[in-house]
Amino acid sequence: AGGAFGMIIIDDDYSKVNAWAHPQNELLLLVSDIGNSVLGNGITNEVFEVEVGRWYRLRVSTVEPNANTAALSFNGGDCTVHKVASDGIWHNAALTTYSGSSFDMTGASRADYAISCASVGSTTVEWGSGEVATIEAGTFGSNTGSEETDLGNAPPKPASLTGLNDASVDGTFSITMSGAKINRKMWDEDVPLGVVPYGGIYEWTIGGTGAHPYHQHLYHMLIVEPGGCGFHQEGEFYDTLSASGSCRVRFYAIDIGQRMVLVSTFSRDMTCHSIKQTLFSSTSFIHIIALPRSRPRR
């Protein structure tokens with residue numbers, strides 16, 4: 001068996017975000033924890049040089065076969081870090097809301113961070129207990145980074161990611177992850193877990209994701225569980241979920257409608273987002289079908 005992983009960057013409309021988030025100020029970090037090796041960008045310790053007093057956009061992707069949760073931590077140095085996006089979607093909260101030096105992520109997630117170091121020094125970036133990168137802050141004479149004092153606002157979201165929190169829902173559903181089963185059913189390529197009419201807004205309750213992280217393609221999930229679900233914040237979007245207990249989420253089934261199934265490297269809809277678990281058929285699919293609806297598209 002073999003495989004590959006990497007990062008695909010989807011550009012923002014850079015006219016709608018401040019300069020610190022533009023490509024020339026990006027730091028890309030692909031974290032992997034496979035076997036006995038914890039690596040950053042495929043090496044034992046990636047090094048980033050940043051100019052003191054400037055803001056950068058650190059874009060992180062994590063890969064771990066069981067998709068287990070671990071902390072991405074920033075140790076030492078004099079850096080301010082704000083988490084500004086999860087799983088490719090900018091946060092709804094102000095960009096300085098989620099600040100700190102340690103941020104939990106599943107081993108199958110992405111996150112963007114705004115980072116600025118106020119003085120010369122070294123900051124170690126760790127994933128779990130392994131060092132993956134060092135951020136060296138100094139005066140290197142580089143023209144990268146932004147001297148802005150205000151991070152600005154996130155760019156506007158598409159219609160499919162707005163208004164879900166206050167919308168009436170078209171249906172509810174419950175999902176429970178357990179071992180190699182979803183809702184006590186093994187994989188069957190001919191039998192979907194259910195049918196979802198295209199164009200609706202749905203609220204699902206998802207459980208059992210602490211041991212079996214849940215991943216959903218096509219539609220990002222808005223956390224509507226009061227108080228959030230573990231480190232998944234209420235009011236923010238994610239496509240991978242891992243939390244104790246159950247978690248209520250909403251999504252808008254719009255823009256794409258089709259049968260989504262896990263087949264090798266093809267598109268996936270609902271699965272334990274874990275390389276090892278997929279080998280045990282911990283996966284299913286939902287039919288997204290077009291049906292007449294009384295409510296017009298928003």
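Accessible surface calculations at 1.4 Å, restricted to protein heavy atoms, place the chain at 46 Å² per residue. Residues whose amide H lies under 5 Å from that of Glu46, counting only those 5 or more places away or on a different chain, are Gly40, Ala133, Thr134; hydrogens are built 1.01 Å from N in the peptide plane. The distance linking the stretch 1-68 with the stretch 206-224 is 23 Å (Cα centroid to Cα centroid, whole angstrom).
In the complete set of protein chains, residue-level accessible area for Cys79 is approximately 40 Å², probe 1.4 angstrom.
In the chain, helical runs assigned H by DSSP with n ≥ 4 each contribute -39500 (n - 2.57); averaged across all residues and rounded to the nearest 500, the mean residue ellipticity at 222 nm is 0 deg cm²/dmol. Per-residue surface analysis assigns His217 an accessible area of about 60 Å², computed on protein heavy atoms at 1.4 Å probe radius. For the pair Asp166 and Phe140 in one chain, pulling the backbone fully straight at 0.36 nm per residue adds 4.5 nm over the alpha carbon distance.
In this structure Lys185 has an accessible area near 110 Å², from a 1.4 Å probe over the protein heavy atoms. Between the amide H of Val63 and those of Val31, Ser32, Asp33, distances stay under 5 Å, these residues lying 5 or more places away or on another chain, with hydrogens modeled in the peptide plane.
For the chain, the share of accessible area belonging to carbon and sulfur comes to 50 percent (1.4 Å probe, ligands and nucleic acids excluded). Farthest toward the dipole's positive end in the chain, which of Gly107, Gly199, Ala4, given Cβ charges of +1 (Lys, Arg) and -1 (Asp, Glu) about the Cα centre? In the chain, that residue is Gly199.
Largest first, the residues Met105, Met7 sort by 1.4 Å accessible area into Met7, Met105. What residues from the stretch 136-152 fall in the zone where the backbone N is under 14 Å from a label point 7 Å along the Cα-to-C-beta line of Gln24? Label zone hits: 142-148. Charge tally around Ala133: other residues with Cβ under 9 Å, Lys/Arg +1 each, Asp/Glu -1 each, net -3. Working from the Cα coordinates of the chain, the gyration tensor eigenvalues give, after taking √(5λ), semi-axes of 35, 23, 16 Å in decreasing order.
Looking at the chain, what % of its DSSP beta bridges pair antiparallel, to the nearest 5?
75 percent
Shape class for the stretch 108-154: oblate, because the ratio a/c of the largest to smallest gyration tensor axis (alpha-carbon atoms, square roots of eigenvalues) is 1.5 or more and b/c is at least a/b. Couplings 3J(HN,Hα) of the stretch 43-56, computed from phi: 10, 6, 7, 5, 10, 10, 9, 10, 7, 4, x, 10, 9, 10 Hz, in residue order, whole Hz [Karplus 6.51 cos²θ - 1.76 cosθ + 1.60, θ = phi - 60°; x for Gly and Pro].
Computed from point charges on the beta carbon alone (+1 for Lys and Arg, -1 for Asp and Glu), the dipole magnitude for the chain about its Cα centre is near 1160 Debye. Applying 1/(1 + (r/R0)^6) with r as the Cβ-Cβ distance of Ile10 and Asp104 and R0 = 35 angstrom yields a FRET efficiency of 0.90.
Calculate the translational D of the stretch 164-237 in whole µm² s⁻¹ from Stokes-Einstein, where the hydrodynamic radius comes from the Kirkwood formula applied to all Cα pairs, the temperature is 25 °C and the viscosity 0.890 mPa s.
Diffusion coefficient, whole number: 177 µm²/s.
Taken over the stretch 1-146, the ratio of Cα radius of gyration to 2.2 N^0.38 Å equals 1.01. Computed from the C-beta positions of Thr96 and Asn75 and an R0 of 22 Å, the FRET efficiency is 0.60 to the nearest 0.05. For the stretch 72-154, the relative contact order works out to 36 percent when only alpha carbon pairs closer than 8 Å and six or more residues apart are counted.
Enumerate the residues in the stretch 43-66 having an amide nitrogen under 16 Å from the point lying 7 Å beyond the Cα of Thr149 toward its Cβ. What the label zone holds, given the 16 Å backbone N cut-off, is 53-55.
The values are calculated or read from the model by the stated rules, or taken from the named source; none is laboratory data. What you are looking at is a predicted structure, and each value in this text was computed from that prediction instead of being measured. All Cβ positions, even for glycine, are placed from backbone atoms using ideal geometry, and neighbour counts span all protein chains on display. Note: accessible area is taken over every heavy atom of the protein model, side chains too, but ligands, DNA and RNA are not part of it. Shrake-Rupley method; radii C 1.70, N 1.55, O 1.52, S 1.80 Å.
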